[in-house]
Amino acid sequence: MARPSNLTEKQWVEVSRRRALGETVRGLAKEFGVSPASISGRTTKTSETLKTVANQLFEAEAVVRSLPILEQVAVRSLSERLLAVSMNLVDTVEISSKTALKLATAANFHAEKINVNDDIGTQSVALASVVAMTRASNEAAEPGLKLLALNKDMLKSGDDGNTMKIIVVNEPEIV
């Protein structure tokens, strides 16, 4: 088992950021009081990924610049729209998961009030309410669960995430 790090996670983020900007391993190691091997071990993969992505962006930009001006504008517009859609989907999933949590919490609160020794007929309204909130909670959680499953499947398949894909997650209907 590896020794615990002398640096906090926040410090490692700073080291990775500065390493990605080109600062030397030796200089960072000296400043943060750790070995160069520690810096290198923690930042090599990140640096490689950043370089790969930067090269892909450079190559894509060269292809875009080779297009006629009107097509360049169209490509940039489409790219911005795809990014906006992606961010909206992330926001939707986040809001849906918060809604699911609130509904599940409310359902649990009402379920706790139900006395199992009482006649079910007298508690039918409370039971129906708990069932409805639980169903709504499950439905609100669905987009996030689908996205998590998709990410898990991508990891299993060895997809490195460097290939652009358009993924549609069905949003819950707003009632």
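The values are calculated or read from the model by the stated rules, or taken from the named source; none is laboratory data. If you're wondering where the values come from, they're calculated on a predicted model, not measured in any experiment. Here Cβ is always computed from backbone atoms with ideal geometry, including for glycine, and neighbour counts include all displayed protein chains.
Conditions tested, residue by residue: (1) in contact with a helix residue (DSSP H, G or I) (Cβ under 7 Å, 6 or more places away or on another chain); (2) aliphatic (A, V, I, L, M).
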| position | (1), (2) |
| --- | --- |
| Gly33 | no, no |
| Thr46 | yes, no |
| Ser79 | no, no |
| Ala84 | no, yes |
| Ser97 | yes, no |
| Ala100 | yes, yes |
Inset, instruction - Please indicate, with yes or no, whether at least one residue in segment 152-163 is of a type in the set (A, V, I, L, M), at pLDDT below 75, surrounded by fewer than 14 Cβ atoms within 10 Å (Cβ to Cβ) and closer than 30 Å to Thr52 by Cβ. - result: yes
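Anything in segment 1-59 that is part of a loop (DSSP other than H, G, I, E, B) and acidic (Asp, Glu)? List them, or say none.
Glu23
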Legend entry - Matching residues, segment 63-77, being in contact with a helix residue (DSSP H, G or I) (Cβ under 6 Å, 6 or more places away or on another chain) and among the hydrophobic types (A, V, I, L, M, F, W, C): Val64, Val75
Inset, instruction - Residues being in contact (Cβ under 8 Å) with a residue 40 or more places away in the chain and among the hydrophobic types (A, V, I, L, M, F, W, C): count how many of those fall in segment 86-117. - result: 3
Legend entry - Enumeration of residues in segment 36-80 that are free of Cβ contacts under 8 Å to residues at least 24 places away in the same chain, hydroxyl-bearing (Ser, Thr, Tyr) and surrounded by fewer than 13 Cβ atoms within 10 Å (Cβ to Cβ): Thr44, Ser66, Ser77
